[in-house]
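Asks: Got a structure here, written out as structure tokens. Questions coming.
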Amino acid sequence: MKKIHITNDSVKTVLYPLVFGIILVVLWQTQVLHRLLGADTFTLPLPSRIGSIIADNFGVIMLNVKATVFVALSGLLLGSLFGFILAAIAALSPHWGMGGLTIATAFNAVPIVAVAPIFTNLTKDFSSDPNVRSMFAKTLVVMITCTVSMGINAYRGFTELKPFSLDLMKSYAAGKWTAFFKLRLPNCVPYIFTALRISVPGCVISAMVSEYFAEYIVGVGRQIRESIVLAQYSTAWAYIVVACLVGVGMYVILLFFEHLLLKGRRIK
Amino acid sequence: MERKRDVRRKIVALAACAAAAGVMFGGCSKKPAGSAAAPAAGGPRFAKGTPSEAIVRASAGAGKVGNWGLGNEYEILALLSKYGQDQKFLSQAFDMDGFDDGSIWLASAMTYNELGLVKNSYEGGYKYGDTVGTIDMNDEGVAMLEDNIFCNSAFAKANPNTVKAFLSASMKGWKYACENPDEAAQIVYKYGSSVSSQHQSYMAGEVKKLVQTDTKGQTVTNYGNMDTAAMQQTLDLAKKYVKLSDSAAASKLSSLTLDSIMDASYLADASAGKIGKPEKTSVSIQLKWLPQAQFMGYYVALDKGYYKDAGLTVKIVPGGGDISETTAVYSGQVDFGVTWVSNLIAANAGGMSLLEIAQVYQRSGLVLVYKYAE
């Protein structure tokens, strides 16, 4: 009985947004949406036109998607790792770690648009290939945004333990490291996913914004900007749709892994 | 300079946190390398008299040609193609640091703006003086016309007298500005400037040249004239180098003619004084960039009351960043706009119906700048 109930629920959670999405696309294609918003088909092109542009330029679009996803993922990986290490240090020796964590949090307040051009300038000597050094600069920007969410959340995971659990460990005469590996680390896992749920959409956004300022012209974000400045709205929309698909796709993959690993241990 | 590079390398090597700290402090104290007494080294230098073909080949071969992109790159693409080079360039920032530090050997510069910053020694300048050379798009035969005045073709049809009155007063402003560039620069500076008053004066002097000289170097006296040959060359180059992913827009682009992007009749009537009562008296003009002497004609016309005399109340809307002047005019947020002809062509290919009513700049102001050998 219980199993069927869960299936029903998951059907609902998938079906309702899907139906809503389909209705939206139908309203869009039939231009009802345009009348509601007071837009024309030039600034808000029809889905069919957007689709045909994606189909016509699939190769070029994938080239840009690859560049964006590479930067987003490598920034996510490095940033999360760095944030996690910071959090671990903070949990193990609050003396040192808290300061580092506070500084990292402060950097999160620096907007991407300010950091991105500066990193582009700073990394000019990194490689003689502009593509490589641009990738590096963009990755650093993404890294900053991902470091903070992982740092703060993982720190919570390391320190917000069940009442008395740490006392229990002490009563077992467990050392600092044993407590870390047996208690703190397992407790932290759901928090890691909380951080990733913030970082995954964030890394795509910061990757695309940092492309604006990169020396080497490539990426979904850069193409959106170029197309809008040149008043090519259909093309811009094609890249916007692709950007959404990339973001949603990465998020779905994350949820899949979260479900697989946590099996309902997700924190609220 | 070497020291600066070392610091840079170290910062890069550090973790993100430390790098960001470097940014904060480095960022505050960072001064343009040009403020040093001698021009900074960086990148190769070309002997005076080196043919432009050799410079383009060497720089493009090394992948060191810079441009801002975003629709400003077509003349560069045409030049690269002229010398058989790949259609590739580095994305250049709006300062000239890339040129200064040698990461760009052949950098794009507008004669009235970036070139002044490279050469001049006022605040913000890089002090290169006569130690830099330029490759001029006009001389290379790849010139595309830049700053114009345009509006929606429907607007022009519905408000012909407004258009004529606006053109007449604007051209009077341009005439006065070109005859008195220093005063014009001060007027622009008064209306809110993004750059220093000295740079405005330099800019006014250079803009005057673009307004009064055509692509062949001949003097132009009828301000705003639409030189058919130069317009056709712009359209032809645009058809070749504006690459549109949207197949509908691409086929529209290939079918565009001069008649579908410009109409000289409004200016002709305006210069002949055949102007009726303006249909719409309160109008606005969207600039392509920040308030600067690039647009001095409009500020002079406003300041000297030429618009008022023509029965118009004019609001000048500065651009900058990613403001798209074509979209602003198309959507009716503003009545007139200043854009480059290639941008207007791309917008019309995309589905807008914009009409050029005057061509203020008679020649291309884009050059590629490189360093001379000592």
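Asks: In this structure, is B:Ser193 in a loop (DSSP other than H, G, I, E, B), touching a Pro at 6+ places or on another chain (Cβ under 9 Å) and of a type outside the set (Lys, Arg)?
Replies: In short, yes.
Asks: In this structure, is A:Leu101 in a helix (DSSP H, G or I) and at pLDDT below 85?
Replies: yes
Asks: Look through A:Leu196, A:Leu261, A:Leu183 and report the one residue that is over 20 Å from A:Lys138 (Cβ atoms) and in contact (Cβ under 8 Å) with a residue 24 or more places away in the chain.
Replies: Answer to the selection: A:Leu261.
Asks: While we're looking at this one, here's another question. Restricting to region A:63-75, name every residue that is away from chain B (no Cβ under 13 Å) and not basic (Lys, Arg).
Replies: A:Val65, A:Ala67, A:Thr68, A:Val69, A:Phe70, A:Val71, A:Ala72, A:Leu73
Asks: For the list (1) more than 14 Å from chain A (Cβ to nearest Cβ); (2) in contact with a Leu (Cβ under 6 Å, 6 or more places away or on another chain), I need the number of the one condition that B:Ala250 fails.
Replies: If we test B:Ala250 against (1) more than 14 Å from chain A (Cβ to nearest Cβ); (2) in contact with a Leu (Cβ under 6 Å, 6 or more places away or on another chain), just (1) comes out false.
Asks: Residues being within 11 Å of chain A (Cβ to nearest Cβ), within 30 Å of B:Thr221 (Cβ to Cβ), hydroxyl-bearing (Ser, Thr, Tyr) and not in a helix (DSSP H, G or I): count how many of those fall in region B:330-362.
Replies: 1
Asks: Additional query: Looking at the structure I just gave you, is A:Thr147 farther than 24 Å from A:Pro17 by Cβ, within 13 Å of the chain's Cα centre (by Cα), part of a helix (DSSP H, G or I) and within 10 Å of another protein chain (Cβ to nearest Cβ)?
Replies: Considered against the rule, which asks whether it is farther than 24 Å from A:Pro17 by Cβ, within 13 Å of the chain's Cα centre (by Cα), part of a helix (DSSP H, G or I) and within 10 Å of another protein chain (Cβ to nearest Cβ), A:Thr147 comes out as yes.
Here is a yes/no grid of residues against (1) under 25 Å from A:Thr123 (Cα atoms); (2) at pLDDT 90 or above; (3) assigned by TED's automatic domain parsing to the domain that holds A:Leu140:
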position	(1), (2), (3)
A:Lys162	no, no, yes
A:Asp167	no, no, yes
A:Ala173	no, no, yes
A:Arg184	no, yes, yes
A:Arg197	no, yes, yes
A:Val204	yes, yes, yes
A:Met208	yes, yes, yes
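Asks: Please go through region A:6-54 and give me each residue that is small (Gly, Ala, Ser), closer than 27 Å to A:Val220 by Cα and more than 26 Å from the chain's Cα centre (by Cα), ordered by number.
Replies: Hits for region A:6-54 are A:Ala39, A:Ser48, A:Ser52.
Asks: If you don't mind, another one. Residues in region A:252-261: is at least one in contact with a helix residue (DSSP H, G or I) (Cβ under 9 Å, 6 or more places away or on another chain), surrounded by fewer than 24 Cβ atoms within 10 Å (Cβ to Cβ) and within 14 Å of chain B (Cβ to nearest Cβ)?
Replies: No, region A:252-261 contains no residue that is in contact with a helix residue (DSSP H, G or I) (Cβ under 9 Å, 6 or more places away or on another chain), surrounded by fewer than 24 Cβ atoms within 10 Å (Cβ to Cβ) and within 14 Å of chain B (Cβ to nearest Cβ).
Asks: Considering each residue of region B:308-327, count those that are surrounded by fewer than 20 Cβ atoms within 10 Å (Cβ to Cβ) and within 14 Å of another protein chain (Cβ to nearest Cβ), and give that number.
Replies: The total comes to 5.
Asks: Something else: If A:Val220 satisfies all but one of (1) farther than 23 Å from A:Thr43 by Cβ; (2) touching a residue at least 40 places away in the same chain (Cβ under 8 Å), what's the number of the condition it fails?
Replies: (1)
Asks: Just to check your reading of the model, which residue among A:Ala236, A:Ala231 is of a type in the set (Gly, Ala, Ser), within 14 Å of another protein chain (Cβ to nearest Cβ), part of a loop (DSSP other than H, G, I, E, B) and free of Cβ contacts under 8 Å to residues at least 24 places away in the same chain?
Replies: Matching residue, one of A:Ala236, A:Ala231: A:Ala231.
Asks: Does region B:218-236 contain any residue that is in the same structural domain as B:Tyr298 (by TED's automatic domain parsing), over 18 Å from B:Asp139 (Cα atoms) and charged (D, E, K, R)?
Replies: No: zero hits.
Asks: In the set A:Val148, A:Val113, A:Val65, A:Val132, which member is at pLDDT below 95 and closer than 15 Å to A:Ala207 by Cβ?
Replies: That would be A:Val113, the only listed residue that is at pLDDT below 95 and closer than 15 Å to A:Ala207 by Cβ.
The values are calculated or read from the model by the stated rules, or taken from the named source; none is laboratory data. Every value quoted in this text rests on a predicted model; they were computed, and no experiment measured them. All Cβ positions, even for glycine, are placed from backbone atoms using ideal geometry, and neighbour counts span all protein chains on display.
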